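Asks: Pasting in a structure now, in structure tokens, and then I'll have a few things to ask.
The values are calculated or read from the model by the stated rules, or taken from the named source; none is laboratory data. Predicted model only: the values in this text are computed from it and were never measured. Neighbour counts are summed over all protein chains in view; Cβ atoms, including those assigned to glycine, are modelled from backbone coordinates with ideal geometry. Only protein heavy atoms, including side chains, enter the accessible area calculation; ligands, DNA and RNA are left aside. Shrake-Rupley method; radii C 1.70, N 1.55, O 1.52, S 1.80 Å.
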Amino acid sequence: MPALEVRGLVKHYPGVKALDGVDLVVRQHEVLGLAGENGAGKSTLLKALVGLVTPDAGEIYVRGEAVKLRSVVEAANHGIGMVFQEQSLVPNLTAAENILLGSEGASVRRGLYRWDVMRRLAQEQLDKIGSKIDPLARTDSLSFADRQMVEIAKVLRIEQRSQHPPVIILDEPTSVLESKEIDTLFAQIRRLREFASVVFVSHRLDEVLDVCDRVTVLRSGQSVGEVAAAGAVPRELHRMMIGSTGSDDHYHENAASVVGSEQPRLSVRGLSGKSFRGIDLDVAAGEIVSIVGVHGSGREDVCRALFGAEPATAGEIRMDGRKIDLRSTRAACAAGIGYVPAERKIEGMVGPMSVADNMTLTKQKARCAGPFVAPAKQASLVDRWIERLSIRTPTRDTAIQRLSGGNQQKVVLARWLVGGDIKLLLLDHPTRGLDIGARSEVYRLMRELAASGVATVLLADSLEEAIGMADRILVMNDGRVVTEVACPAGGKPSPLDLVKEMV
Amino acid sequence: GCSEEAAGDKTATDAGGCKPADVKLVGQVRNESNPYEASWLAGGDAFAKSVGLTQERLTYGGDSTKQQEQISQILAKGDKCLVLNVLPNGDSDTAPIVKGADKAGAYLVTQWNKPADLKPADYKTWVSHITYNGVESGQQIGDALATAIGGSGGIIALQGVLDTAAAKDRFAGLQASLKKNPGVTLLDQQAANFSRAEALTVTKTLLTKHGDKVKAIWAANDDMALGALEALQQAGLSGKVAVAGIDAVPDAVKAVNDGTMTATVSSDGTWQGGIGLAIGFCVATGKLKVADIAAANRAFFAKQFLVTKANAADFSQPKTTASDFECGNVFNRVAGPLT
Amino acid sequence: MPLIALVALVLALAIADSDFLTTRSLTAALRTAAPLIVLAAGATLVVLCGGIDLSIAALASLSTVLLALWLPDLGGLATPVVILAATAIGAVQGVAHVLLRIPSFIVTLGGMSILSAVALVVSGAGTVRVVDDTPVKWLELYVGGYVPMSAAVAIIVVAVIAVVLKVTPLQSWVSATGYSESAARLAGTPVDLVKIAAFCVSGACAGLAAVMLVSRQYSGGPTMADNLLLPAVAAIVVGGTAITGGHGSVWRSLAGALVVTLLRVGLPIVGVPSAYEQILYGVIIVVCVALTLDWSKVSIIK
Amino acid sequence: MFAALSPQFRSLGNAQNIMDAAAVLAVVTCGITFVLMMGSIDLSSAGVMGASALTVSLLVANNRNDNDLGLLGIAVAVLLGCAFGCLSGLALVLLKVPSFMATLGVSAIGLGVATLMFAGVQPNITDAMLKGWAIDRFLGLSYLTWIAVACILVGWLIQRYTRLGRYAYAIGGAEEVLALSGVKVKPYKVAVFALAGAFYGLGGVMVTSQLGAGLVQAGNGYDFSAITAAVVGGTLLTGGRGGVLHSAVGVLLVMVLTNGLVQVGVSPYWQGGVEGLIVVAAVAAAVIPQRRRNQVVK
Ligand SMILES: Nc1ncnc2c1ncn2[C@@H]1O[C@H](COP(=O)(O)OP(=O)(O)OP(=O)(O)O)[C@@H](O)[C@H]1O
Ligand SMILES: Nc1ncnc2c1ncn2[C@@H]1O[C@H](COP(=O)(O)OP(=O)(O)OP(=O)(O)O)[C@@H](O)[C@H]1O
Ligand SMILES: [Mg+2]
Ligand SMILES: [Mg+2]
């Protein structure tokens, strides 16, 4: 008897059919992968399984029994728990409280907290995944990855909550993790399989095939196929996801532009800030430079400092030889610098505003005639970019928060391109949460931009991505650039070479 | 095109053409939640009942704009025989009320607050303005305190809402009294905004600041005096410091009678609430002609009495009777023209 | 939605008192509402940017004093000068908020006390009479015999603000700032300038409201407009503008200001006793907000 | 600074005076802190305190009627405050009215109820115990001050050790996350408002004890003062930061300030202004160390 079964689930949103009769079977003691393009309906399906989305039609069976899941609590009582795609911890509570939130058990008696018990219970969860963090640390003092670990620790509480073998759903848990942490997580998933079922979502298909026993592929809200992981290759999955064969050349290396050796477009000397010191960096027009490093290496802060979003204490920055004073993001924008932040939900987009408004927020000139907004101009501009980046949205006036994560990211990227005057792009994990197709498109876009002379600083999602895309790689460690590796097409370094320098 | 007034505005009715039953009586004060103004409205009700009418009660919560809004709305209804007895929130509020009433031909009596250069005599239906002489009352209680402390010692003063004529006049009275009693020194003065609670805090602070030097507390109204009394009690100084206020609210009269307070000055809310309506009613029904009212009665100080232990018992009951409101008697309590 | 609340309220008042639906009564109500409309419209911009301006009423009070003091010397020029001064004061608060990074609630709460104190001192703690009010008398006229000039001006102000927002990038800057300031900043929106501008407009509106009050009161006073603060904020919220920023419009505040005025004036006039008036006011205003708020736009209500 | 300017300010008597004067504000601020922690705002204290002041003054021995319920009367007044708080909370969660407006409405209702009870005649309390609270002293401080200290302690315990307190804090941090974790936030929100209402109710009782009479205006000005005190103490209006102890410090700062201005002899005209300036300066000074480039300030 399957642990969980879904039959003909349908969910409509205004303008979209997020789920169009999905079928899904999760067997006992298996790790089921879920693959699909951005907006295929994965998150919606999974949210329906924990009672956060009420389906319009279709049935859900838990261990053969039809159930109606109306809330997270009900789902938890059936043994279903989920780690959400967007991080969902209360920042001002301790890690322990977050782990036990909603199922405090013995740590809260008659409404009264027993901090020592809470600490112990939380520690048990953290020990399961081998995390070293202090349970009583405030969550907002933890790094992004540590917070992700807390989330996983939190969902493992399900074990204590239900007497049945639990079903644990992980919606893109790896997109913000480092490879070491991913290994820990996978070990954890394999341990879970002993007594539970796991549903795993990732856009990194090799990961999916690595950890899963079986993969179900979703397309446009329908299940289009199923693959046994053993022996399958990513290309096969990808073909099912998009319904045709994708290109082989993922990183579009043949489109890599040849960088001239004229004066650098961006030149940074001795840049120092709170978490980085003495950064020197040159990026030529058309060059893609990637900075790699472990968590806390400070590369993200460097990136923000270049955009004027993080104070720099010393150093100078020149664009095309002209010194610029980067104390505000405005100045950076005016100098032709664009920045795509990693935390898309908070920093990258204005959720309730429309796709069109988000896209034209920065380059207002592109939609204005004189000082006035020209609606027709805006409409045609936005529609052109929606088509060019194949952004999946009902209309250009849909609030961006209604889009799937990947499509949101494309809109945020488009924001810098609509003006056509971008000189330097700072991309902080630009492909986080994007499906292969979308990724490939972003890479192609980056190549195109590079070819047209845009300099790019890339904080890649993975080492492979950095190697694949960059012309040159800088390795940062503890706030300093420790080495620089040339990375021309055809002469790529191996990941191992870089990892040596990173730690 | 632009015009001076809204269409449909009528010209003022001929004075005195109203049947008593057609008259509409409106009394407007700040709020119903303090004893003085509650007694004012009660006085208005009592008068209205005596002529077989009811008083429409309006309160504006000490909010000038709300007062204006209410007045303009009530005037816009276009009643022919409207009588208004109004307590303007501050001096600045009187002019628009007067001009509005004048345009609409409503009979208006104002009390307490009025700028000096705005005179009822210049208007047809602004029948009268009634107030008490604040300089006099401020001085009277100042003198009473000076006597109570034997002519020498320090006093502190609690001021009212600084932006009102009453507060300023009363404080001017205190200063006059200080001039007359050179032995008395003003240690400190603070605004407590006519509020019992604020007076309590301010007094406590001033008591710690000046300590034993404080022999008396001068308060610009009884509410503040009562707050000061509480402060004295909490500081263990009950009976050791003389306190005086103005208004003769029941609690203060009782305190004077008990000897815990030195003096207060009577301003008779019940009478004020009735008399304004009475004057307006008499004019509206033609029993009194505006032209016949003596100039001195168009803007006058009403009689006030210093209440001390000697006469406090007389003031514990309202001194207002129905006969005060007969058309022949409405100006019986005139103490003198406004100076 | 706020329109429905408004119409319902007018009907209810008309049923309670048949005199209420006359042209004269409605005209008077419109005229009464004018300063509140202007105040609320200005402050709406600040609210849209995610802040709040608690100083508008104190600033309007101070402006009445300044206007009354300056009218004798400057005549007709006094009006624009006062509005400019109020704009400058708004700007100062905006700059303090943006540069010192103090929450607008605190800046303007402090500003409120400071401006009140200045008004008290400048006016000598008393009313400043306007003997010759010809320079502001035009506000007392009626357009076409029916529409009070002050109300017409108020509506024009609302319309101008609304149109300027709509046809320029300002609308998206303001909303972005209100919905998500950090995202707006990283998108290169001139967040600081937008906020300062919002405070400027709020100040200017307070100045204009002061002109209206002076023309109505024939004087200026240091506490004259103080009591309009809560009604103005109520007008904004009743209109359905989200107090957390982003979503809303000045038109909504116009409707909200009319609702609030009708409640303030209408209830006592139709004969509701004072104590019940307050209770009714409390209940109706809460119900109005419940009706006007667009929940689909505001996910979390604080 | 005030200590340098005025010798009286330094006196022990004045320290007592400041503590005593801070008592009511401390209790009210304690209540409002929980609401602010959730990221909501509460302007209902004026009305709630008025209603509770009238209630208690009519229920304990007084000059208006023959009631003499003593402590029971006080409990009823506090419960009434609690009920008003509930009302605000329900308006917030059921009608989805923002707390700013809901509590403003409840304040008006409270004032109306108080005016109804007032009915034109000032109720003076004669209850010896209640009056004694303001007069009698223990270790140099009035009973009211000790009540305030107890309130702060209880408030702190609630904030630190109860689910209500921690969830209030969490709601201010990330309300939507609580829902994702299966926590029903609505009851907690209502409970927080009710708790705050109870504190206001007690505040109203304390004012009555101080003034010896039940005033409709008992809570005048406490709404904004309490918010000011809480914010000066470091509680953020956006929620999720600060707490009862922060607020207690804020109350003391504000009281020292008001007291100091009178002691130093600043003209009454200017006092409000100077106070405002200092509050702004204090908050500005407090935020300088935690200033970050892209931090949101609303
Ligand atoms: N709350 C919502 N309101 C309206 N539309 C929504 C909502 N949530 C999701 N959608 C739409 O439903 C579709 C499926 O979205 P979903 O988030 O399930 O995709 P996904 O497969 O998880 O994508 P990704 O890989 O980018 O996370 C998308 O077109 C999205 O725009
Ligand atoms: N030396 C340090 N001491 C304390 N905190 C630090 C230090 N270096 C960095 N941090 C903080 O740690 C966090 C992570 O740093 P940062 O994001 O720059 O690393 P990263 O290499 O970009 O990580 P990722 O691989 O996730 O992109 C940041 O909030 C940063 O401020
Ligand atoms: Mg998803
Ligand atoms: Mg990073």
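Asks: Would a scan of the range D:152-164 turn up a residue that is among the polar types (S, T, N, Q), assigned to a helix (DSSP H, G or I), more than 18 Å from D:ILE18 (Cβ to Cβ) and within 22 Å of the chain's Cα centre (by Cα)?
Replies: Yes, some residue in the range D:152-164 is among the polar types (S, T, N, Q), assigned to a helix (DSSP H, G or I), more than 18 Å from D:ILE18 (Cβ to Cβ) and within 22 Å of the chain's Cα centre (by Cα).
Asks: A further question on this structure: Could you look through the range A:67-103, keep only residues that are part of a helix (DSSP H, G or I), open to solvent by less than 10 Å² (accessible area, probe 1.4 Å) and more than 7 Å from chain D (Cβ to nearest Cβ), and pick out the one that is farthest from ligand 2 (Cβ to nearest atom)?
Replies: Of everything passing the filter in the range A:67-103, A:ALA75 is farthest from ligand 2 (Cβ to nearest atom).
Asks: Among the helices (runs of 4 or more DSSP H) confined wholly to the range D:25-133, which include 3 or more residues that are more than 10 Å from every other protein chain (Cβ to nearest Cβ) and closer than 30 Å to D:VAL249 by Cα?
Replies: It comes to D:45-59, D:71-93.
Asks: Applying the selection to the range C:281-294, what residues are facing another protein chain (nearest Cβ under 8 Å) and open to solvent by 50 Å² or more (accessible area, probe 1.4 Å)?
Replies: C:TYR281, C:VAL283, C:VAL287
Asks: In addition: I want to confirm something. Restricting to the range A:438-462 and keeping residues that are touching a His at 6+ places or on another chain (Cβ under 8 Å) and within 16 Å of ligand 4 (Cβ to nearest atom), which single residue is farthest from A:VAL268 (Cα to Cα)?
Replies: Filtering first and then ranking leaves A:ASP461.
Asks: Also, quick follow-up: Which residue out of A:VAL355, A:VAL268 is within 16 Å of ligand 1 (Cβ to nearest atom), within 25 Å of A:VAL412 (Cβ to Cβ), open to solvent by less than 10 Å² (accessible area, probe 1.4 Å) and in contact (Cβ under 8 Å) with a residue 12 or more places away in the chain?
Replies: Being within 16 Å of ligand 1 (Cβ to nearest atom), within 25 Å of A:VAL412 (Cβ to Cβ), open to solvent by less than 10 Å² (accessible area, probe 1.4 Å) and in contact (Cβ under 8 Å) with a residue 12 or more places away in the chain holds for just one of A:VAL355, A:VAL268, which is A:VAL355.
Asks: What are the residues in the range A:389-412 that are within 8 Å of ligand 1 (Cβ to nearest atom) and more than 14 Å from every other protein chain (Cβ to nearest Cβ), if any?
Replies: A:ARG392, A:THR393, A:PRO394, A:LEU403, A:SER404, A:GLY405, A:GLY406, A:ASN407
Asks: Filtering the range A:300-329 down to residues that are in a loop (DSSP other than H, G, I, E, B) and free of Cβ contacts under 8 Å to residues at least 24 places away in the same chain, which residue is nearest to ligand 2 (Cβ to nearest atom)?
Replies: Only one residue fits best here, namely A:LEU326.
Asks: Same structure, new question: Which condition number does C:PRO231 fail, the rest of (1) touching a Ser or Thr at 6+ places or on another chain (Cβ under 9 Å); (2) farther than 16 Å from B:GLN67 by Cα being met?
Replies: (2)
Asks: Hey, could you check the range B:280-339 for residues that are assigned to a helix (DSSP H, G or I) and farther than 24 Å from B:SER266 by Cα and say which is most open to solvent (accessible area, probe 1.4 Å)?
Replies: From the range B:280-339, those assigned to a helix (DSSP H, G or I) are B:280-284, B:290-292, B:295-298, B:312-315, B:322-325; that's our starting set.
From what's left, farther than 24 Å from B:SER266 by Cα: B:281-284, B:290-292, B:295.
On the way: B:PHE281: 12, B:CYS282: 1, B:VAL283: 2, B:ALA284: 0, B:VAL290: 25, B:ALA291: 96, B:ASP292: 118, B:ALA295: 87 Å².
Taking the candidates together, the pick is B:ASP292.
Asks: Being open to solvent by 20 Å² or more (accessible area, probe 1.4 Å) and among the β-branched types (Val, Ile, Thr) narrows it down to one residue among C:VAL136, C:VAL194, C:VAL147; which is it?
Replies: C:VAL147
Asks: Another question, if that's okay. Please verify whether C:LYS166 is basic (Lys, Arg), in contact with a His (Cβ under 9 Å, 6 or more places away or on another chain) and open to solvent by 10 Å² or more (accessible area, probe 1.4 Å), treating the condition exactly as stated.
Replies: Details: basic (Lys, Arg): yes; in contact with a His (Cβ under 9 Å, 6 or more places away or on another chain): no; open to solvent by 10 Å² or more (accessible area, probe 1.4 Å): yes.
Spelling it out, it is not the case that C:LYS166 is basic (Lys, Arg), in contact with a His (Cβ under 9 Å, 6 or more places away or on another chain) and open to solvent by 10 Å² or more (accessible area, probe 1.4 Å).
Asks: Regarding A:ASP140, is this residue touching a Pro at 6+ places or on another chain (Cβ under 6 Å), part of a helix (DSSP H, G or I) and within 16 Å of ligand 4 (Cβ to nearest atom)?
Replies: Details: touching a Pro at 6+ places or on another chain (Cβ under 6 Å): yes; part of a helix (DSSP H, G or I): yes; within 16 Å of ligand 4 (Cβ to nearest atom): yes.
For A:ASP140, the condition - touching a Pro at 6+ places or on another chain (Cβ under 6 Å), part of a helix (DSSP H, G or I) and within 16 Å of ligand 4 (Cβ to nearest atom) - is met.
Asks: Which of (1) more than 16 Å from ligand 3 (Cβ to nearest atom); (2) crowded, with 21+ Cβ neighbours inside 10 Å does A:ALA187 not meet, given it meets every other one?
Replies: (2)
Each row is one residue, and each column tells you yes or no for (1) open to solvent by less than 30 Å² (accessible area, probe 1.4 Å); (2) more than 30 Å from C:VAL191 (Cα to Cα); (3) in a loop (DSSP other than H, G, I, E, B); (4) small (Gly, Ala, Ser).
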{"position": "D:VAL183", "(1), (2), (3), (4)": "yes, yes, yes, no"}
{"position": "D:ALA196", "(1), (2), (3), (4)": "yes, yes, no, yes"}
{"position": "D:THR235", "(1), (2), (3), (4)": "yes, no, yes, no"}
{"position": "D:HIS246", "(1), (2), (3), (4)": "no, yes, no, no"}
{"position": "D:VAL256", "(1), (2), (3), (4)": "no, yes, no, no"}
{"position": "D:GLN263", "(1), (2), (3), (4)": "yes, yes, no, no"}
{"position": "D:TRP270", "(1), (2), (3), (4)": "no, yes, no, no"}
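Asks: Looking only at the range A:23-50, which residues are within 15 Å of ligand 1 (Cβ to nearest atom) and assigned to a loop (DSSP other than H, G, I, E, B)?
Replies: A:GLU37, A:ASN38, A:GLY39, A:ALA40, A:GLY41, A:VAL50
Asks: Something else: Which residues, taken from the range A:330-365, are within 16 Å of ligand 4 (Cβ to nearest atom) and assigned to a loop (DSSP other than H, G, I, E, B)? Walk me through how you get there before you give the answer.
Replies: Of the residues in the range A:330-365, the ones within 16 Å of ligand 4 (Cβ to nearest atom) are A:339-348.
A:PRO341, A:ALA342, A:GLU343 - these are the residues of the range A:330-365 that are within 16 Å of ligand 4 (Cβ to nearest atom) and assigned to a loop (DSSP other than H, G, I, E, B).
Asks: Criterion first (part of a helix (DSSP H, G or I) and surrounded by 22 or more Cβ atoms within 10 Å (Cβ to Cβ)) does A:ALA145 satisfy it?
Replies: When the stated conditions are applied, A:ALA145 does not pass them.
One line per residue, one yes/no per condition, for (1) of a type in the set (A, V, I, L, M, F, W, C); (2) modelled with pLDDT of 90 or more; (3) open to solvent by less than 50 Å² (accessible area, probe 1.4 Å):
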| position | (1), (2), (3) |
| --- | --- |
| B:ALA165 | yes, no, yes |
| B:SER177 | no, yes, yes |
| B:PRO182 | no, yes, no |
| B:THR185 | no, yes, no |
| B:GLU198 | no, no, no |
| B:THR205 | no, no, yes |
| B:ASN221 | no, yes, yes |
| B:ALA248 | yes, no, yes |
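Asks: Please state which one of A:VAL454, A:VAL418, A:VAL442 is over 21 Å from A:ALA366 (Cα atoms) and away from ligand 3 (no atom under 16 Å from the Cβ).
Replies: On inspection, the qualifying residue turns out to be A:VAL442.
Asks: Just checking, does the range A:347-366 include any residue being within 16 Å of ligand 2 (Cβ to nearest atom) and under 25 Å from A:LEU458 (Cβ atoms)?
Replies: The answer is yes; a qualifying residue exists.
Asks: Could we say that A:GLU441 is of a type in the set (Asp, Glu), within 16 Å of ligand 1 (Cβ to nearest atom), part of a helix (DSSP H, G or I) and out of contact with any Asp or Glu (no Cβ under 6 Å at 6 or more places or on another chain) here? Before you say what the answer is, go through the steps one by one.
Replies: Values: of a type in the set (Asp, Glu): yes; within 16 Å of ligand 1 (Cβ to nearest atom): yes; part of a helix (DSSP H, G or I): yes; out of contact with any Asp or Glu (no Cβ under 6 Å at 6 or more places or on another chain): yes.
Criteria met by A:GLU441.
Asks: Let me ask you something else. For A:SER131, state whether it is under 21 Å from D:LEU178 (Cβ atoms), away from ligand 4 (no atom under 16 Å from the Cβ) and touching a residue at least 12 places away in the same chain (Cβ under 8 Å).
Replies: no
Asks: Ok, one more. With the condition kept exactly as written, say whether any residue in the range A:51-66 is within 16 Å of ligand 3 (Cβ to nearest atom), hydrophobic (A, V, I, L, M, F, W, C) and within 14 Å of chain D (Cβ to nearest Cβ).
Replies: yes
Asks: Within the range A:1-50, work out how many residues are buried (at least 23 other Cβ atoms within 10 Å of the Cβ), of a type in the set (D, E, K, R) and away from ligand 3 (no atom under 16 Å from the Cβ).
Replies: Residues that pass the stated criteria total 0.
Asks: May I ask you to say which residue of D:PHE84, D:PHE118, D:PHE138 is at pLDDT below 90 and within 20 Å of D:GLY221 (Cα to Cα)?
Replies: When all the criteria are applied, what remains is D:PHE118.
Asks: Determine the pairs where a residue that is facing chain B (nearest Cβ under 7 Å) and open to solvent by less than 10 Å² (accessible area, probe 1.4 Å), located within the range C:216-232, has a partner that is assigned to a loop (DSSP other than H, G, I, E, B) and aliphatic (A, V, I, L, M) with Cβ atoms under 6 Å apart, the partner being 6 or more residues away or on another chain.
Replies: Once the first residue is facing chain B (nearest Cβ under 7 Å) and open to solvent by less than 10 Å² (accessible area, probe 1.4 Å) and sits in the range C:216-232, its partners that are assigned to a loop (DSSP other than H, G, I, E, B) and aliphatic (A, V, I, L, M) give C:SER219/C:VAL130.
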